[in-house]
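Heads up, the thing below is written out as structure tokens.
The values are calculated or read from the model by the stated rules, or taken from the named source; none is laboratory data. Because the structure is predicted, anything quoted here is derived from the model rather than measured. For neighbour counting, all protein chains shown are included, and Cβ atoms are generated from backbone atoms with ideal geometry for every residue, glycine included.
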Amino acid sequence: MLDQLRDDSPTAYRLARRDIVFGGVVLIGGLATGLVPTTSALAAWSDEASARFMEISSLLIPHRLHEDVGKRIGAAMGALNPALSQQVSELLAIAKNKNAKIVEDFFPDVPNGPLKETALAIISAWYLGVVKDADGGEVLAFEYALMYGPTSDVMTIPSYAISGPNAWPPDAPPLENMPDF
Amino acid sequence: MANDQSADVVIAGTGIIGCLIAEQALDAGLSVLMLEAGPRVDRWRIVENYRNLPPSLRLFHWDAPYPPKPWAPHLETRTAKEQEQYLQLEGPNARAYLQGYVRYAGGATWHWAGICWRITPDDMRLKSLYGVGRDWPFSYDVLEPYYTRAEHAIGVSGPSDPALQWPPNANRSKPYPMGPLPFGPGERRLTEVAAKIGMMNLPAPQARNSGVSYHGRPACCGNNNCFPVCPIGAKYDGATSLPTIEAKGGRILENAVVYRIETGAKGAVEAVHYFDQNKGSHRITGKIFVIACNSIETPKLLLFSKDDRNPNGIANSSDQVGRNMMDQPKLFAELELTEPLWTGVGPVQSSSILNTSQGDFRKDYTGAMFRMENYARSYVGAAAALKKGLVGKALDTEIRRLSACTARLTVEHEPLPSPDNRLTLSDKKDWLGINKPNIYYDVGDYVRRSAKEYTVPRLRALADGLGATSFQLSPEFLNSDHIMGGCIMGTDAKTSVVDPDCRAHDHDNLFLPGGAAMPSGTASNSTLTMSALALKAADAIVAQLKHGPS
């Protein structure tokens, strides 16, 4: 029997980075849901590859990006896609060729097919916090998932709170007021 | 003091019903032993499980943070294959009985919405007033004091204005212990729009602490995660009662799967038997036995306990055990709107329209409750926007628009008790060798007629009022997770399973309280009515042990 204790984590969660990373100390509130990926994927992901992944991520996504989350996403994507490093280089080359500062500067030049699919997959992973959004998908970011950014002035990240007891407002800011994130 | 083998009151099930009865019995000086099929788990672990789910499984897969133990299976829905494993469903509306509940200490209130509607006097007289269903064996006036006790026992917030209460302007023996939680932007707008077409959106009474702490639980801070778990325990769930029960001397055995009820020569229950997690069998004796395992697990246990003395199963001389299974058949509509609505502020549910559940039309078709889901739609907006292949500012703008300018409206229909909607024992068995539940479910023409002539047109009118440019109706009736029936209440032992105190007609010392006993389902959430019945049963249990059967 795996657990005689009051611990009902499924086996997959039991591998848990949090138990490894934080030595079993778990808080309900402010910590990120894991900031280091499973050991094997991370080990295969070099510092250089990680840096280049962050560089292309910063060009694809106009927001503050958490470096540890980037390491996790890059390692996870690299484990699934052997061509990732090469595709990152190609995307960087397109961006450099356009002297791009933001995604709109170079994205129209990314050809349809695997390269564009990878670019969109990188964006998706940063926004959703997962590479695979289905059963078995590993959560690489929870509160740092960028999907919460565009609504962060109104909607809380579920399980977190952005107001106090009975302090949530009956009105919302205009749709045009995009939060900075 | 109870021990591991015997107690004055032995309770199978540690959900809200078992917990309410346990506390009442302990307060009366009785010993209590509770048996829970599943594990006992700390809140932080459920929160961690939830946060570690891929985002597509964080919505509508309320079971996902509660992986069952092999010896206490419940519905799992992460994959289609997984969904077929435990509940065996058949009939024209099998999908409408895909019931989610948790076989953990604390029970299904772990992931309930916390909504605490009362039913109305008319809801209890369907046969007399409209010629359908069954009447309750007592009036609303009998139930009312128990409603009030339940509201104070679990901590229900609600409006003090009688016009905003449900049933409206009815007598109450006490106010709610806390005032209502405030509306967010979406609920405020829905209320205004609904009022223009005669639909009154009421602040929902809810077992969530409003502005203050209550019974050691903190005030709700709008974490918007009531299901699948309140991360701070501001919402009542059975797990919050367990330490109190233990402090009062109650004993709780987890991972103890009751599989047999044993009766003596005179018909009284003498013991229950349970399997532990190593398949070891144990016998528990007591004076009063309470089976409070929900309306699926309770009739399943009664049927599985059949023996020479009880050839149809325990408490089943009427052949009504497992019949009259109910839940509110649900339809929903996904809307896209021209203007922002902004759901997701405050609790995930905080209001409902109920004046649509009452009226003379109930002679012909059923009434219903309408509401708007108030969960944060950031993921819904993001997933849809990402699918469009957008990037940069266009992506963010579309995420914000699709999160704010979309909504899900829901309508839940009142079911009628039908003997054909029946739980039986499947040929398929679980890890312990116990038969899985098999349920036949047909929502019936009474509901189908309502959907066609009444509720779906109302749903469209509500959507139009909100400025919907898109209206996607669910293709079939779905479950509402309000499991009722299976041990129906009545005064005639030939046509019902339990008496008005939820005592089995066939066994004086066996109580089957909660949703299983409800003679009608009504359009609204069932938990407060189940809780009121539990307290009524608790009074009868205490009186019976102090003074003998009435």
Of all residues in segment B:392-404 being surrounded by fewer than 21 Cβ atoms within 10 Å (Cβ to Cβ) and of a type outside the set (D, E, K, R), which is nearest to the chain's Cα centre (by Cα)? B:Thr397
Look at segment A:78-108 and say how many of its residues are among the aliphatic types (A, V, I, L, M), in contact (Cβ under 8 Å) with a residue 24 or more places away in the chain and touching a helix residue (DSSP H, G or I) at 6+ places or on another chain (Cβ under 6 Å). 8
If B:Ala108 satisfies all but one of (1) more than 14 Å from chain A (Cβ to nearest Cβ); (2) surrounded by fewer than 20 Cβ atoms within 10 Å (Cβ to Cβ), what's the number of the condition it fails? (2)
If you scan segment B:22-53, which residues turn out to be in a helix (DSSP H, G or I) and within 7 Å of chain A (Cβ to nearest Cβ)? B:Trp44, B:Arg45, B:Val47, B:Glu48, B:Asn49, B:Tyr50, B:Arg51
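Across segment B:481-499, what is the number of residues that are within 30 Å of B:Thr191 (Cα to Cα) and crowded, with 23+ Cβ neighbours inside 10 Å? Lay out the reasoning, then the answer.
Of the residues in segment B:481-499, the ones within 30 Å of B:Thr191 (Cα to Cα) are B:481-484.
Narrowing further to those that are crowded, with 23+ Cβ neighbours inside 10 Å: B:482-484.
Qualifying residue count for the region: 3.
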State the number of residues belonging to segment B:143-167 that are assigned to a loop (DSSP other than H, G, I, E, B), free of Cβ contacts under 8 Å to residues at least 24 places away in the same chain and not small (Gly, Ala, Ser). 1
Of the residues in segment A:133-150, those that are facing another protein chain (nearest Cβ under 7 Å) and over 24 Å from B:Glu339 (Cα atoms) come to A:Asp133, A:Ala134, A:Asp135, A:Gly137, A:Val139, A:Phe142
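Out of everything in segment B:461-488 that is among the small types (Gly, Ala, Ser) and under 16 Å from the mean Cα position of the chain (by Cα), what residue ends up being nearest to B:Ile353 (Cα to Cα)?
Our first condition is that a residue be among the small types (Gly, Ala, Ser); within segment B:461-488, this holds for B:461, B:463, B:465, B:467-468, B:470, B:474, B:480, B:485-486.
Remaining after also requiring under 16 Å from the mean Cα position of the chain (by Cα): B:480, B:485-486.
Values: B:Ser480: 16, B:Gly485: 24, B:Gly486: 28 Å.
Here the residue is B:Ser480.
Given the structure, is B:Gly186 touching a residue at least 12 places away in the same chain (Cβ under 8 Å), in a loop (DSSP other than H, G, I, E, B) and not hydrophobic (A, V, I, L, M, F, W, C)? Write out each step before concluding.
On the way: touching a residue at least 12 places away in the same chain (Cβ under 8 Å): yes; in a loop (DSSP other than H, G, I, E, B): no; not hydrophobic (A, V, I, L, M, F, W, C): yes.
So B:Gly186 does not fit the description; no.
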Please list, ordered by residue number, the strands (runs of 3 or more DSSP E) wholly in segment B:197-302 having 2 or more residues that are under 21 Å from B:Lys436 (Cα atoms), away from chain A (no Cβ under 14 Å) and modelled with pLDDT of 95 or more. B:257-263, B:269-275, B:281-291
Only one residue in B:Leu416, B:Leu402 is in contact with an Asp or Glu (Cβ under 9 Å, 6 or more places away or on another chain) and among the hydrophobic types (A, V, I, L, M, F, W, C). Which one? B:Leu402
Every residue in segment B:233-255 that is farther than 18 Å from B:Ile154 by Cα and surrounded by fewer than 22 Cβ atoms within 10 Å (Cβ to Cβ), please. B:Gly249, B:Arg251, B:Leu253, B:Glu254, B:Asn255
Show the residue pairs meeting these rules: Cβ distance below 7 Å; 6+ apart or different chains; first residue within segment A:142-156 and aromatic (Phe, Trp, Tyr); second residue not in a loop (DSSP other than H, G, I, E, B). A:Phe142/B:Arg51; A:Tyr144/A:Val69; A:Tyr148/B:Ser378
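Of the residues A:Pro37, A:Pro62, which single one is surrounded by 14 or more Cβ atoms within 10 Å (Cβ to Cβ) and either in contact with a strand residue (DSSP E or B) (Cβ under 6 Å, 6 or more places away or on another chain) or modelled with pLDDT of 95 or more (or both)? Reasoning before the result, please.
Numbers: A:Pro37 fails: either in contact with a strand residue (DSSP E or B) (Cβ under 6 Å, 6 or more places away or on another chain) or modelled with pLDDT of 95 or more (or both).
Unique residue meeting the criteria: A:Pro62.
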Selected residue (criterion: nearest to the other protein chains (Cβ to nearest Cβ)) from residues of segment B:166-192 that are closer than 19 Å to B:Ser357 by Cα and buried (at least 20 other Cβ atoms within 10 Å of the Cβ): B:Leu190
Members of segment B:436-449 found to be of a type outside the set (Lys, Arg) and under 23 Å from the mean Cα position of the chain (by Cα), listed by number: B:Pro437, B:Asn438, B:Ile439, B:Tyr440, B:Tyr441, B:Asp442, B:Val443, B:Gly444, B:Tyr446, B:Val447
Checking B:Thr77 against (1) within 14 Å of another protein chain (Cβ to nearest Cβ); (2) in contact with a helix residue (DSSP H, G or I) (Cβ under 8 Å, 6 or more places away or on another chain); (3) crowded, with 24+ Cβ neighbours inside 10 Å, which single condition isn't satisfied? (3)
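Based on what the data block shows, is B:Ala333 closer than 26 Å to B:Ala368 by Cβ and not charged (D, E, K, R)?
On the way: closer than 26 Å to B:Ala368 by Cβ: yes; not charged (D, E, K, R): yes.
Taking the combined requirement at face value, the residue satisfies it.
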Under the condition of being of a type in the set (S, T, N, Q) and assigned to a strand (DSSP E or B), which residue from segment B:373-418 is farthest from the other protein chains (Cβ to nearest Cβ)? B:Thr410
Residues located in segment A:151-177, provided they are at the interface with another protein chain (Cβ under 7 Å from one of its Cβ atoms), buried (at least 17 other Cβ atoms within 10 Å of the Cβ) and in contact with a Gly (Cβ under 9 Å, 6 or more places away or on another chain): A:Thr151, A:Val154, A:Met155, A:Thr156, A:Pro158, A:Tyr160, A:Ala161, A:Pro165, A:Asn166, A:Trp168, A:Ala172
Matching option when the condition is free of Cβ contacts under 8 Å to residues at least 12 places away in the same chain and of a type in the set (Gly, Ala, Ser), among B:Gly433, B:Gly490, B:Gly467, B:Gly485: B:Gly433
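Which members of segment B:97-124 meet the condition of being in a helix (DSSP H, G or I) and at positive phi?
B:Gly107
For A:Ala134, are the conditions met, namely being loosely packed, with under 15 Cβ neighbours inside 10 Å, in a loop (DSSP other than H, G, I, E, B) and not acidic (Asp, Glu)?
Details: loosely packed, with under 15 Cβ neighbours inside 10 Å: yes; in a loop (DSSP other than H, G, I, E, B): yes; not acidic (Asp, Glu): yes.
So A:Ala134 passes the test.
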Could you grab me the full set of residues in segment B:125-142 that are surrounded by fewer than 21 Cβ atoms within 10 Å (Cβ to Cβ) and in a helix (DSSP H, G or I)? B:Lys127, B:Ser128, B:Leu129, B:Tyr130, B:Tyr140, B:Asp141, B:Val142
If the Cβ limit is 8 Å and pairs must be 6+ apart or interchain, which residue in segment B:20-35 that is free of Cβ contacts under 8 Å to residues at least 12 places away in the same chain pairs with which residue that is part of a loop (DSSP other than H, G, I, E, B) and surrounded by fewer than 24 Cβ atoms within 10 Å (Cβ to Cβ)? none
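For B:Asp445, indicate whether it is without any contact (Cβ under 8 Å) to a residue 40 or more places away in the chain, of a type in the set (Asp, Glu) and more than 10 Å from chain A (Cβ to nearest Cβ).
Working: without any contact (Cβ under 8 Å) to a residue 40 or more places away in the chain: yes; of a type in the set (Asp, Glu): yes; more than 10 Å from chain A (Cβ to nearest Cβ): yes.
So B:Asp445 fits the description; yes.
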A:Pro111 being loosely packed, with under 15 Cβ neighbours inside 10 Å, without any contact (Cβ under 8 Å) to a residue 12 or more places away in the chain, more than 9 Å from chain B (Cβ to nearest Cβ) and assigned to a loop (DSSP other than H, G, I, E, B): yes
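Table: residues versus (1) of a type in the set (S, T, N, Q); (2) over 28 Å from B:Ser210 (Cβ atoms); (3) in a helix (DSSP H, G or I).
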{"site": "A:Phe107", "(1), (2), (3)": "no, yes, yes"}
{"site": "A:Thr118", "(1), (2), (3)": "yes, yes, yes"}
{"site": "A:Pro150", "(1), (2), (3)": "no, yes, yes"}
{"site": "A:Phe181", "(1), (2), (3)": "no, yes, no"}
